[in-house]
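Each reported figure results from applying straightforward, stated rules to the coordinates on display, with no laboratory input. This one's a predicted model, so the numbers in the text were calculated from it and none came from an experiment. When we count neighbours, we look across all protein chains shown, and the Cβ atoms used for this are built from the backbone with ideal geometry, even at glycine.
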Amino acid sequence: MSFVFLDGDVEGSISGFVFNGRIDTNDLTLSEIKGSVETKSLDTNNWLRSRHLRSKKYFAVKDYPRLQFVGESIERGIHGYTLTGQLTIKGITNEVSLDLRQEVDELTVSGMINTQDFDIDIHDEVDRNRVKFTVVLPLTGN
């Protein structure tokens, strides 16, 4: 999973991805999508910044070892699908709507959140806490 903090253009990744669900490539609306990533794997390619973001003040990785997503619905749109579900970060759950695109051998899920919605205040101004993220799920045969 890759991410970009839009204010400051800070890029990074989170790994330790676990997927539990079922993807119906013939009709994505019949799919069940659930997943999580390890917060301790948060990496911005700057050791000090990454360590700071993993601290109790921000992502609190010792208390909250995983970010979790549970999909609730998938609807067809003009340019792909909209995946709606519950995202949990630091024990706080909020509904999010994500873009879902199907390619030949992968699904790409992308979206934007505001970290303040999850008690992560990088900046005082709300708009400066927006993060865009992308998850690529490889598709394999049954």
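For segment 62-77, the condition holds for at least one residue, the condition being that it is touching a strand residue (DSSP E or B) at 6+ places or on another chain (Cβ under 7 Å), in a strand (DSSP E or B), over 25 Å from R128 (Cα atoms) and among the hydroxyl-bearing types (S, T, Y).
When K40 is tested against (1) within 20 Å of G91 (Cα to Cα); (2) in a loop (DSSP other than H, G, I, E, B), exactly one condition is not met: (2). The residue pairs whose first member lies in segment 1-25 and is basic (K, R), whose second member is in a loop (DSSP other than H, G, I, E, B), and whose beta carbons are closer than 7 Å, counting only pairs six or more residues apart or on different chains, are R22/S31.
The set of residues from segment 15-37 being assigned to a loop (DSSP other than H, G, I, E, B), touching a Lys or Arg at 6+ places or on another chain (Cβ under 9 Å) and under 19 Å from G91 (Cα atoms) comprises just one member, G16.
On the given criteria, is F59 farther than 16 Å from T134 by Cα, touching a helix residue (DSSP H, G or I) at 6+ places or on another chain (Cβ under 6 Å), surrounded by 13 or more Cβ atoms within 10 Å (Cβ to Cβ) and aromatic (F, W, Y)? Against the criterion (farther than 16 Å from T134 by Cα, touching a helix residue (DSSP H, G or I) at 6+ places or on another chain (Cβ under 6 Å), surrounded by 13 or more Cβ atoms within 10 Å (Cβ to Cβ) and aromatic (F, W, Y)), F59 qualifies.
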